[in-house]
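The values are calculated or read from the model by the stated rules, or taken from the named source; none is laboratory data. Just so we're clear, the structure is a prediction, and the values are computed from it rather than from any experiment. FYI the Cβ positions are ideal-geometry reconstructions off the backbone, even for glycines, and counts take in every protein chain you see. The accessibility values were calculated without ligands, DNA or RNA, using every heavy atom of the protein model including side chains. Shrake-Rupley method; radii C 1.70, N 1.55, O 1.52, S 1.80 Å.
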Amino acid sequence: MSTAKRAYGGVSAADRRAQRRDALLDAAHEIVGTRGFAKLTVSGLCAEAGLNERYYYESFGDLEAVLTTLFDRIVGELGRAILEAVASAPDNADAKSKAAIGAAVDMLIDDPCTVRILFTEALIHPTLAARRSETMHTLASLVVAAGQQYYGPATALRVGDRAHFAAMHLVGGLHETITGWIDGTLPISRDELVDRSTELFVLVGGYLAGETYPAR
């Protein structure tokens, strides 16, 4: 067996490589989340991770790849937290919306680095800005899918593309609202933020699903 494939201490070469990659992403999370992408360098990243620079090149071609992979990891963690919260919530629109929004807010409260990456770096870095736009559409699609599951597929056929339009407004508005809450320009409590946001999501969802929705 070659050295590259040999297991050490019961850990395979593939697992060791994955561990090094995760260590680099953890280091990038700390650097970008506290000092910004402009301060991210290969040498600094490896020093933060405690790894030789050759291990950087086994996983990443450039720092842009590190940043996009980090962004995708954060979004994936956020998505899983939301889905888990929704799955465990009571089966009504208010509870499930509140669980989803609460899970997102709590993840941000717990990690200031994540806040900076998603709400600052993702706006000023061109690659992340494009990634952020894709993510907003993906989140809107998830909102629409959740609405279809709760209100029934007939709603989607009747409402058409207005559902995605409304979801984009809700997701975009929630992003801006959370931004204002984080930077202190929206002086309300965590519970007020979640409750008021939930109210809007439920009102719009119920309006779109209602039989009185105006035909055009």
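Of note:
- Filtered residue count, the range 82-117, keeping only those that are of a type in the set (V, I, T) and touching a Lys or Arg at 6+ places or on another chain (Cβ under 8 Å): 3
- Checking each residue in the range 98-111 for being under 14 Å from T177 (Cβ atoms) and open to solvent by 20 Å² or more (accessible area, probe 1.4 Å) picks out no residue at all.
- In the range 112-137, the qualifying residues are those that are open to solvent by 20 Å² or more (accessible area, probe 1.4 Å) and among the hydroxyl-bearing types (S, T, Y), and the one that is nearest to D183 (Cα to Cα) is T120.
- Number of positions in the range 41-56 that are of a type in the set (S, T, Y) and surrounded by fewer than 11 Cβ atoms within 10 Å (Cβ to Cβ): 1
- Residue check, A140 modelled with pLDDT of 85 or more, assigned to a helix (DSSP H, G or I) and open to solvent by less than 20 Å² (accessible area, probe 1.4 Å): yes
- Within the range 58-92, the residues that satisfy the criterion of being open to solvent by 40 Å² or more (accessible area, probe 1.4 Å), more than 18 Å from the chain's Cα centre (by Cα) and over 18 Å from A130 (Cα atoms) are E58, G61, S88, P90, D91, N92.
- The condition (being closer than 14 Å to Y150 by Cβ, without any contact (Cβ under 8 Å) to a residue 12 or more places away in the chain and outside any loop (DSSP other than H, G, I, E, B)) is satisfied by just one residue among A99, A87, A65: A87.
A quick yes/no check of all residues on (1) in contact with a strand residue (DSSP E or B) (Cβ under 6 Å, 6 or more places away or on another chain); (2) modelled with pLDDT of 75 or more; (3) loosely packed, with under 13 Cβ neighbours inside 10 Å; (4) more than 16 Å from A104 (Cβ to Cβ):
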residue	(1), (2), (3), (4)
A145	no, yes, no, yes
L174	no, yes, no, no
I182	no, yes, no, no
T185	no, yes, yes, yes
T198	no, yes, no, no
G206	no, yes, no, yes
P214	no, no, yes, yes
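- Residues that are under 11 Å from the mean Cα position of the chain (by Cα) and assigned to a helix (DSSP H, G or I) do occur in the range 119-127.
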